[in-house]
Amino acid sequence: MNQEARPFGLPRGLDRPPKLPEPTLRGDPITADRYLSRAYAEEEWRKVFMRTWQVAGLAYHLKEPGDFINFELGAESILCVRGQDGQVRAFYNSCAHRGTRLTAAEEGHVERFVCPYHGWQFDAAGQTVFVPNEEDFPQGSPCGRVGLREVRCEVRFGLVWVNMDPEAPSLEDFLGETVVRELASYRIEDTIRVLHMTADTPCNWKIITDNFNEAYHVQVLHPGLLPYIEANYRNCQFDLLPGGHNRGWFPSHNPSVLHDSEEVADHLAALLRQWDLDPQAFYGRENHAKIRKAVQRAKREKYAAKGYHHYRDYADYQLTDYVIYNLFPNTVLSIGPDGTQLLRPRPHPSGDPERCLFDHWWMVHPIEGQTMTPSPAGGPDLPVEDAPHEVFCYGEKSLGTTADEDLSIAKMQQEGLHSAGYQGFYLAHQERRVQHFHEVLNDYMARP
Ligand code: FES
Ligand SMILES: [Fe+2]
């Protein structure tokens, strides 16, 4: 297969993401206070969440001037709105008069934001354009003088990103070259969000990021993945990236070496038939390792005829494998051939360090002729259309099999961290992304 780089793609013949040199870790102790203490959480809010780029929402929700989304992060609320000039800007949702929130809506369309308290009006560029009794301000009319406080905002990969730090590096510099190049190659901007869930969850947000920063737990918590995803660390690849980000690569569409069966499991068999491959031809463990390449060849040959046009520029590994990008601090993008999951814990609006809001999005590439798409982690198929936002408490409803399995340990770990017997972490080499995350967190926390 040819190796030439295409405008949006990676070199076609790549069998895995390029291995990158890793920073040396210091071995900082990982103390329990970071999961438990309100004082730590408050400092973390200022030093980490107010300084890093966060995904506020989807760009396709801001099609027309006046379309807005309201992103809640901790106790903060940020309005992202498309202006008359087409540019998307973000503002704190706090009136320039006396601080009232301008809207409680999660998204919508406005000609102007009108404050419900005294009726000040703001345009999509954040300017005050009307106030009642304008002549009664001895310091001068607010119109043209004061406006909404702006938040840094960029649109990239079909996502709207915000950063509350006016001095922050650009989004591209923050993410770094590797992440930018690889995310761009997946064309997330062409996807539709078909699952949108948020669960109020009884653990610190870092319990969840720690979980996504290692795959050591997969063989224990997610045995159901082993028939079609490799999870043994020897056959996967983990890379620490600059800026506290990291990447995990999991060769998929083949049973894990940990999967103890001669059979091709039903789910994988169905995937093979979809690409006109006979699962019986791969019976027996010695044949399992051939499945992934066979699927890649079949997809390369037939993607256009089957309506999978987004495969056109994919590298070989992207046709079959899952890659997880953990973007510092809390944005997790787990990307497979047909879509991207965002799995993200947000600090809780109450400020309680022992709670968080966990978001699960599934964004899929529409396939010609398909109106339904498989759910990312069990459950019935989903309609290929923009999903309503489901908000609930953890336990009331499934977040998908794999996410449920991950969260099943969250409360138990949170509780265990309270123990006088907690001794810090004793990490395997394959868990070094956890250590890396905490060391970068420590660096942020050490800043003035
Ligand atoms: S607080 Fe908004 S108009 Fe008074
Ligand atoms: Fe997991």
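How large is ³J(HN,Hα) for each residue in the stretch 128-141, as worked out from phi by the Karplus curve 6.51 cos²θ - 1.76 cosθ + 1.60 (θ = phi - 60°), to whole Hz, x for Gly and Pro?
Karplus-based 3J(HN,Hα) across the stretch 128-141 equals 6, 10, 7, 9, x, 6, 3, 6, 9, 10, x, 7, x, 4 Hz.
Just in the stretch 374-448: which trypsin sites (Lys or Arg not before Pro) are loop by DSSP and have at most 13 other Cβ atoms within 10 Å?
Passing both the DSSP loop test and the Cβ count: Lys397.
How tilted is helix 432-446 with respect to the longest principal axis of the chain? Cα atoms for both, answer in degrees (0 to 90, nearest 10).
20
What lysines sit close enough to Lys306 to cross-link, taking a C-alpha to C-alpha distance under 25 Å and skipping anything fewer than 8 places away on the same chain?
Cα-Cα hits under 25 Å: Lys290, Lys293.
Going by amide H atoms built from the backbone, whose H comes under 5 Å of the H on Arg346, apart from near neighbours?
Distant-sequence amide H within range of Arg346: Leu357, Phe358, Asp359.
Taking only the Cα atoms of the stretch 107-236, how large is their convex hull per residue, in Å³?
220
So which lysines can Lys411 reach, going by Cα to Cα under 30 Å and dropping same-chain residues fewer than 8 places off?
Excluding near neighbours in sequence, the set is Lys47, Lys206, Lys397.
So which chymotrypsin sites (Phe, Trp or Tyr not before Pro) in the stretch 394-448 pass both tests, a DSSP loop state and at most 10 other Cβ atoms within 10 Å of the Cβ?
Hits after loop and neighbour filter: Tyr426.
With a cut-off of at most 12 other beta carbons within 10 Å, and DSSP calling the residue loop, which trypsin sites (Lys or Arg not before Pro) in the stretch 277-367 qualify? Please list them. Could the numbers behind the result be given before it?
Values: sites: Arg285, Lys290, Arg292, Lys293, Arg297, Lys299, Arg300, Lys302, Lys306, Arg312, Arg355; in loops: Lys290, Lys306, Arg312, Arg355.
For trypsin sites (Lys or Arg not before Pro) across the stretch 277-367 that sit outside H, G, I, E and B with at most 12 neighbouring Cβ atoms in 10 Å, the list reads Lys290.
Using only the Cα atoms, work out Rg/Rh for the stretch 54-163, with Rh taken as the Kirkwood radius, to two decimals.
0.98
Taking every DSSP beta bridge that has both residues in the chain, what percent is antiparallel when rounded to the nearest 5? Walk me through the numbers on the way to the answer.
Numbers: 70 of 75 bridges.
About 95 percent, rounded to the nearest 5.
Once you have the Kirkwood Rh of the stretch 159-304 from its Cα pairs, apply Stokes-Einstein at 10 °C and 1.306 mPa s and quote D in µm²/s. Please list the in-between numbers first.
Details: Rh = 18.4 Å.
In µm²/s, the coefficient rounds to 86.
Which order do His360, His253, His267 fall in if you start with the one that has the fewest other Cβ atoms within 10 Å? Display every interim value, and only then the final one.
On the way: His360 21, His253 24, His267 13.
Result, fewest neighbours first: His267, His360, His253.
For the chain, what is the mean residue ellipticity at 222 nm derived from helices alone (per DSSP H run of n ≥ 4: -39500 (n - 2.57); sum divided by total residues; nearest 500 deg cm²/dmol)?
Taking each H run of at least 4 residues, the total per residue is -5500 deg cm²/dmol.
HN-Hα J couplings of the stretch 17-30 from phi, Karplus 6.51/-1.76/1.60, θ = phi - 60°, integer Hz, Gly and Pro as x?
Those phi angles translate into x, x, 6, 10, x, 10, x, 7, 8, 8, x, 3, x, 10 Hz.
For the stretch 20-110, go through all pairs of different Cα atoms, get the mean of 1/r, take its inverse, and jot down that Kirkwood value in Å.
By the Kirkwood definition, the hydrodynamic radius is 15.9 Å.
Can you work out the Karplus-derived ³J(HN,Hα) for every residue in the stretch 115-122? Use 6.51 cos²θ - 1.76 cosθ + 1.60 with θ = phi - 60°, whole Hz, and x for glycine or proline.
Values, residue by residue: 5, x, 8, 10, x, 4, 10, 10 Hz.
When Phe49, Phe392 are ordered from fewest to most other Cβ atoms inside 10 Å of their Cβ, what list results?
Phe392, Phe49
In what order do Cys356, Cys115, Cys393 fall by count of nearby beta-carbon atoms within 10 Å, going from fewest to most?
Cys393, Cys115, Cys356
If you average 1/r across every pair of different Cα atoms in the chain and take the reciprocal, what Kirkwood value do you get, in Å? Spell out each step's value before the answer.
Working: mean 1/r = 0.0425 Å⁻¹.
With all distinct Cα pairs of the chain included, I get 23.5 Å.
No lab work stands behind these numbers, since they all come straight from the coordinates. Computed from a predicted structure; not experimentally measured. So basically every Cβ, Gly included, is an ideal-geometry build from the backbone, and we count neighbours across all protein chains shown.
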